[in-house]
Amino acid sequence: MNKIFRIILLLTILILVSCKYLRGDECNNTKPLVGTYENIYDKEAKNLLVIKDDGTFEQIFTKEVI
């Protein structure tokens with residue numbers, strides 16, 4: 001029983017150490033977020049978020065029928 005527990009513990013540690021979130025890759029904000037993100041709420045409303053290289057951003061909300 002003790003041997004099985006040690007094997008499970010070792011496997012758990014190996015899985016956690018190999019996890020990409022613990023190593024620091026692009027999944028946990030080590031790269032800048034630059035680009036345009038678009039949300040379309042319905043056929044008439046649209047939200048654009050533009051993030052620029054210098055860290056500034058611009059948000060544009062448009063709706064054809066108010």
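Screening Ile8 on (1) modelled with pLDDT under 85; (2) assigned to a helix (DSSP H, G or I) shows it passes everything except condition (1). Considering each residue of segment 24-35 in turn, at least one proves to be in a strand (DSSP E or B) and at pLDDT below 90.
The values are calculated or read from the model by the stated rules, or taken from the named source; none is laboratory data. On a predicted model such as this, the values are computed, not experimentally measured, just so you know.
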